[in-house]
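To start, the structure under review is shown below, and the notes come after it.
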Amino acid sequence: MTTADDSRPATISELRMVRDQFNGRIDNLRDELNNRIDDLRDEMNRRIDDPQRMMLWGMGLLAALMIALMGVVLSGV
């Protein structure tokens, strides 16, 4: 490999420096990607949990209403 201006062959230390820079960029990109994946996973879980929670509340309220209505009917009021 040569230097950026092709004036001479790159030294081992220069190659290592470039490698370390690329590894640092790769690590940063990997961290950003993992953070984005975590954000998307959290958003997906929230979108799944909200309707489930609403459905459970609705079913619970409906069951409570039915129990109250059965109590009224059975008591003969």
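What follows is calculated from the coordinates using simple rules that are stated; it is not laboratory data. Because the structure is predicted, anything quoted here is derived from the model rather than measured.
Sort out which residues of segment 9-44 are under 8 Å from the mean Cα position of the chain (by Cα) and polar (S, T, N, Q), and write them in order of number. First the steps, then the outcome.
Initial filter on segment 9-44 (under 8 Å from the mean Cα position of the chain (by Cα)): 35-44.
The answer is N35, and nothing else.
For L56, indicate whether it is within 34 Å of the chain's Cα centre (by Cα) and in a helix (DSSP H, G or I).
Taking the combined requirement at face value, the residue satisfies it.
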